[in-house]
1. Gln267 to Phe208: extension gain in nm, 0.36 nm per residue of separation minus the Cα-Cα distance?
2. To the nearest 10 degrees, how steep is helix 259-268 against the longest Cα principal axis of the chain, on a 0 to 90 scale?
3. What is the helix-to-structure angle for 11-25, meaning the angle in degrees between its Cα long axis and the longest Cα principal axis of the chain, kept from 0 to 90 and rounded to the nearest 10?
4. Which far-off residues, 5 or more places away or on another chain, put their amide H under 5 Å from the one on Gln246, with H placed in the peptide plane?
5. Taking amide H positions as placed 1.01 Å from N in the peptide plane, with prolines and chain starts having none, which residues 5 or more places from Val56, or on another chain, fall under 5 Å of its amide H?
6. What is the helix-to-structure angle for 173-182, meaning the angle in degrees between its Cα long axis and the longest Cα principal axis of the chain, kept from 0 to 90 and rounded to the nearest 10?
7. Counting other Cβ atoms within 10 Å of each Cβ, which chymotrypsin sites (Phe, Trp or Tyr not before Pro) in the stretch 108-161 have at most 11 and sit in a DSSP loop?
8. Can you say what percent of the DSSP beta bridges in the chain, counting only those with both residues inside, are antiparallel? Round to 5.
Amino acid sequence: SDIDFGAFRDAALARRLIDSIHAMAGDRQINLMEVCGTHTVSIGRYGFRSIMPAGVHLLSGPGCPVCVTSNRDIDHAIALSRLDGVVIATFGDMVRVPGSTTSLSRQKAAGRDVRIVYSPLDAVELAQANPHLQVIFMGVGFETTTPAIAATILDAHDRGIENFSVFCAHKTTPPALRAIASDPQTRIDGFILPGHVSTITGVETYRFLVDEFSTPGVVTGFEPVDVLEGIAMLVRMVAEGAPDIQNAYRRGVNQGGNAVARQLVQQVFEPVDATWRGLGAIPASGLRIRDEFAHLDASRRFDVDIEPTREAAGCRCGDVLRGVITPGGCPLFGRTCTPEKPVGPCMVSSEGSCAAYYRYREA
Ligand code: SF4
């Protein structure tokens, strides 16, 4: 292959891992799914798809939080933004994602108060600096981001901040993996499990993949050799027919995860059924703010009419997020849909598969 080994921190190790992946895979057909947007970007940046054996396919999963947010949730946030005296504060990518007929950034252009923040704490500060406004933080993200939201909600509760609330579109990873593993249209032979999420969840939470689906998983980091090592471990388990859940990221992830952070999340949130783009409704895959903190829950505090949901014509983000197609399989990819003029969220978000494939010319 024409891979530039100079790009790796440890070129000799990278070469050995690639050779062993080829040797172990032989001519087997093996579908591996990375379920973290940061892995998608890493795999794209280092061109790993092009150096895999012909039968080893690296598919991207539902790891981009902005991408899996349903149009219904985006429309709900947009409806909230139309209330007088309300500020919607959220992450930059979320602002640009189109809902059924508009986006938060278009609402902002039309005069609504939508602001980009980098953390929920910024939103609280915004609320304190503007006591005459109602600041609603739209939270998206997985296990890595929810502890900070939980801490913010507790803090706002304790300090009695009355003009702050959270519109919670947070999701949890294991139920989505169960949905994908159960999907007859997607045949995944192994999961590259998310490094950051696992720092919170720990490793054993993924054991059901082996017990229920005989599918292996490896938690891995984001350096090139981390990703290659994870792939090598998965290919070995597939080839040997010995599925297991393993941790290739011991420097970052404890077997047991972070119990303190999980406890914090549990104190503030309870599991609720949630709708994911592409995957549909998944039982207990979302987080709802507990009744005790209902006054900080924007969806209960403000009653709004949400427009009827419409999906962008031709956008196949949902199939991309399920691993049914790669972005190149979408007829709009690189034609009518580009990062400058994105049709769907998978092209908007920097962690979205379509954006990553486009950036690294992988389609
Ligand atoms: Fe949707 Fe664009 Fe990706 Fe096609 S290329 S699936 S239209 S985001």
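All of the numbers you see were taken from the coordinates with simple rules; none came from a lab. No experiment lies behind these values; they were computed from the predicted model shown. Virtual Cβ from ideal backbone geometry, glycine too; neighbours counted across all protein chains shown.
1. Answer, rounded to one decimal: 18.8 nm.
2. Approximately 40 degrees, to the nearest 10.
3. Taking Cα atoms only, the helix is inclined about 80 degrees.
4. Those lying under 5 Å, H to H, from Gln246 are Gly217, Val218, Val219.
5. Ile30
6. For helix 173-182, the angle is close to 50 degrees.
7. Here the chymotrypsin sites (Phe, Trp or Tyr not before Pro) that fit, given the DSSP loop and packing criteria, are Tyr118.
8. Looking only at bridges with both residues in the chain, the antiparallel portion is about 25 percent.
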